[in-house]
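The values are calculated or read from the model by the stated rules, or taken from the named source; none is laboratory data. Remember, predicted model here, so these are calculated numbers, not experimental data. Neighbour counts are summed over all protein chains in view; Cβ atoms, including those assigned to glycine, are modelled from backbone coordinates with ideal geometry. For the accessible areas, the whole protein counts, side chains as well, though only heavy atoms, and no ligand, DNA or RNA atoms are used. Shrake-Rupley method; radii C 1.70, N 1.55, O 1.52, S 1.80 Å.
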Amino acid sequence: MSLGIVFTLALSLPFAQAQSTGTLTGTVTDARSGEPLQGANVGIEGTSLGAATDPEGFYEIRNIPVGSYVVVATFVGYETSRRINISVRSAGNRDINFELEPTGEALDEVVFTLSEPFRKPVESPSSFNRLSPEEIATYPAGNSDIAKVVQSLPGVSGSVTGFRNDVIIRGGAPNENIYFLDGIEIPTINHFSTQGSAGGPVGLLNVSFFDGVELSTSAFGARYANALSGVLQFNQRTGNDREFRTNFRVGASEAALTAEGPLFKGGQNSSNTTFIASVRRSYLQLLFQLIDLPFLPDYWDYQYKLNHRIDSFNDVYLTGVGSIDDFRINVPDDLSLDQQAILEQVPVIRQQSNTTGIAWRSRMESGNGFWLSSISNSWFYNDFSRFRDNENQQGLFSRNRASELRTTARTELRYFGEESTHNTGLSIRWNRFNNDFFDENAGVAFDDEIGFLSYGAFYQWSRPFARDRLDVTAGIRFDGNSFTDTGHEIYRTLSPRLALSYRLDEQARWRLNTSAGRYFKKPPLNLLGFRQENQLVNRDVSYIRSDHLTLGLEYFPRSSTRFALEGFLKLYEDYPVSVDEGVSLANLGGGFEVLGNEDVQSAGRGRTYGMEFLYQQKFETNYYAILAYTLFWSEFTGFDRSEFLPSVWDSRHLLTFTGGYRLGESWEFSLRSRFIGRTPFAPIDEERSIAVYPAFAFEYDRLGENRLGVFNTTDIRVDRKWNFDSFSLDVYLEIQNVLGQNTPSEPSYLLEQENGEPVLTRVDQLSESSILPTIGIIIDF
């Protein structure tokens, strides 16, 4: 279907009969205990529309004119909560749930918190950001990919070159982040993921599920293990407990179907059991074949969540996500030199992943706290092959056929005292890894399996002081394992942390935040399972250590507007360094490769430091904006611990602007612009590369001598929305790189014969990036 036909159809739709009202529903609960609040008032700001909650904390507001609103919830003895940019449509409205914080004041007083749209967990007063479902849904050029959406936040960037989707935070490697789906850890958020890291070209999470996304770039809560740079928490919606709903979306690269509703409802108004489930299918491989690209990425993914309310104090949920990926070779009819280079050098990848978790939340009848326990199983399979003849898939010279299995049990208690909050818990995990691996160039081959236990425990305490103007939180955790030589020496991984937040004025418009903490990460499984001469050579590695220090100032001129300035410092110790290449593994994991299949030593140091500025305007009236600038340095050593070289993430400057404007109830315009400074890359070692081609060898000791050009791109999106009696429709036009700006790329080479001798010839790649327009359709019914 051409763009012209689609827009002709879109322009004709306004003449159809439209539905002008919708309904909002949701619950109001105590933020600490989860107890329903009966009699809470929920209203549409600026109107007389509203409702009170029933004994289950449920409310329903009918006959709301379609549009965008601020929804306010109030209850005596609790802080007022304002949810902004709540879109009301004729169909497909999600539940708007409120969790109200007790004020600690007199019971006849209702307290308004100025900065509620930017509320943070007490353990992360700095380096924390939250994105709403509305901000995620209309993010320009995001293609409903959450890994791209978070790149609008300060300190977060993606890969500059290549068909990649890495999340790089404050100059740290992509493998330094961890990801949670409703408290269940998931190993990756991308299709075709780099094993040992987490980056890949396309996200595998369905944004239709999200009730919000939270990102911490420091000051991590003590409950989180293995985070050095970032913690991404994806909060999923609960399926509708009253009626069945369906969402169908067609975007630039995939089609997705999401369904939700009640189960075992019978003749009741609502059900104690709900589900939400989706499946997505890519057609990116068809587009790539149409434009004659030499590789075809093909994928499926699925996601689901099943909730059951046992009684007033106990809930259980089952959630999961998985993918099936196939990265194949395609031979174009008329090969250009740059296509020939890709065809010869690209790997063949087949992957599968699945994570399933079940969790039980039990509230104390006293209302003073809750238990949260979970069991999860995560499986990842990676068949990564390299051929000397990719076209015929002959001459196999490298294969990594590996599977990772993690079975995890967690339990934690959160208890609310009269003034203090206590959070403690523990976890234990069975890790199993097997790999049928060989690399002809390195002279290594093995087929083996390892299995071991890893475990951890934590305690965190929080309390306000100085008449609630100073919030203090302190925590500690330790981690250990039964595999590495020092794994049971838990004193080595004692991880203390402290965070302070001080309100500088009575209205809490100004806040001063600071945090300090020590964090550890266990090396990846494929590194631990690597063998040479039938020996597990990496059992002597240590946990990677990172010490963080942050100091920031925030200003809230309005409840929906935030300015923030923050400085940060991260100091790394015991980073694995490749014995063969002498390079820190902090510089790897950002390409189509396998991170960690080599002998290493825990000898490296590192440091990243800089400052961030953020201006954020929430979508309260008819526009939103996020302007973020980060100035940073990222440097790591090899075996010479005194020689710091720029890392491959050291682009120094990161500037992003994301904004949107709503015109009436039907039109919305959004724009994203990104600028990334000159990024270092390691040059090719031509003599060694000739011997191992189509693989390459690099001169990592020359990092910092060569940098790519700056990266600068601008994307726009236009949404047109309709509301009908039984469904709502959103048709959008998205144009990526609307200004046709160049994308920097590393030099590309082909192996050719010259006078009977093999030589590497540099290939000129296309210098002009394409302007890419796409049409998308979203239907809710």
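Points worth noting:
- Lone qualifier among R762, R678, R688, R720 - being over 30 Å from Y629 (Cα atoms), within 30 Å of the chain's Cα centre (by Cα), among the charged types (D, E, K, R) and open to solvent by 30 Å² or more (accessible area, probe 1.4 Å): R720
- Restricting attention to segment 231-246, the residues that are surrounded by fewer than 20 Cβ atoms within 10 Å (Cβ to Cβ), more than 19 Å from the chain's Cα centre (by Cα) and not hydrophobic (A, V, I, L, M, F, W, C) total 4.
- Selection count, segment 447-470, where residues are open to solvent by 40 Å² or more (accessible area, probe 1.4 Å), under 27 Å from Q532 (Cα atoms) and in contact with a Gly (Cβ under 9 Å, 6 or more places away or on another chain): 3
Table: residues versus (1) more than 25 Å from T408 (Cα to Cα); (2) β-branched (V, I, T); (3) open to solvent by less than 10 Å² (accessible area, probe 1.4 Å).
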residue: S144; (1), (2), (3): yes, no, no
residue: V149; (1), (2), (3): yes, yes, yes
residue: G158; (1), (2), (3): yes, no, yes
residue: P174; (1), (2), (3): no, no, yes
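- Residue within segment 401-408 that is in contact with an Asp or Glu (Cβ under 6 Å, 6 or more places away or on another chain) and closer than 27 Å to S454 by Cβ present: yes
- Residues of segment 606-633 classified as open to solvent by less than 20 Å² (accessible area, probe 1.4 Å), under 29 Å from S68 (Cα atoms) and touching a residue at least 60 places away in the same chain (Cβ under 8 Å), total: 7
- Considering segment 650-669, the residues that are open to solvent by less than 30 Å² (accessible area, probe 1.4 Å) and in contact with a Gly (Cβ under 8 Å, 6 or more places away or on another chain) include one that is nearest to T714 (Cα to Cα), namely L654.
- Any pair with Cβ under 6 angstrom, 6 or more apart, that starts in segment 232-260 at a residue that is at positive phi and ends at one that is open to solvent by less than 40 Å² (accessible area, probe 1.4 Å) and of a type in the set (G, A, S): none
- The condition of being more than 26 Å from G200 (Cβ to Cβ), free of Cβ contacts under 8 Å to residues at least 12 places away in the same chain and out of contact with any helix residue (DSSP H, G or I) (no Cβ under 9 Å at 6 or more places or on another chain) holds for only one of S366, S362, S373, that being S366.
- Unique match (being in contact with a Gly (Cβ under 9 Å, 6 or more places away or on another chain), at pLDDT 85 or above, open to solvent by 10 Å² or more (accessible area, probe 1.4 Å) and closer than 22 Å to G34 by Cα) among A52, A106, A73: A52
- Considering segment 402-488, the qualifying strands (runs of 3 or more DSSP E), each wholly inside and each with 2 or more residues that are of a type in the set (S, T, Y), modelled with pLDDT of 95 or more and farther than 30 Å from S385 by Cβ, run over 421-439, 444-465.
- Inspection of segment 220-230 finds a residue satisfying the criterion of being assigned to a strand (DSSP E or B), buried (at least 16 other Cβ atoms within 10 Å of the Cβ) and of a type outside the set (K, R).
- Subset of segment 221-247 (residues that are farther than 15 Å from I146 by Cα, of a type in the set (A, V, I, L, M, F, W, C) and in contact with a Phe, Trp or Tyr (Cβ under 8 Å, 6 or more places away or on another chain)): A222, A225, A227, L228
- Positions within segment 723-759 being out of contact with any Ser or Thr (no Cβ under 7 Å at 6 or more places or on another chain) and either under 27 Å from G709 (Cα atoms) or open to solvent by less than 40 Å² (accessible area, probe 1.4 Å) (or both), in sequence order: L729, D730, V731, Y732, L733, I735, Q736, P747, S748, L751, V759
- Qualifying residue in segment 397-405 (condition: within 26 Å of G221 (Cα to Cα) and open to solvent by 20 Å² or more (accessible area, probe 1.4 Å)): yes
- Yes/no for D301 being open to solvent by 30 Å² or more (accessible area, probe 1.4 Å), touching a Lys or Arg at 6+ places or on another chain (Cβ under 6 Å) and part of a strand (DSSP E or B): no
- Top-ranked residue in segment 176-219 [being open to solvent by 10 Å² or more (accessible area, probe 1.4 Å) and among the charged types (D, E, K, R); ranked as nearest to the chain's Cα centre (by Cα)]: E214
- Extreme residue, nearest to L500 (Cα to Cα), among residues of segment 556-581 that are in contact with a Phe, Trp or Tyr (Cβ under 6 Å, 6 or more places away or on another chain) and either at pLDDT below 95 or not in a strand (DSSP E or B) (or both): R562
- Picking from residues in segment 579-605 that are free of Cβ contacts under 8 Å to residues at least 40 places away in the same chain and surrounded by fewer than 23 Cβ atoms within 10 Å (Cβ to Cβ), the one that is nearest to Q535 (Cα to Cα) is V579.
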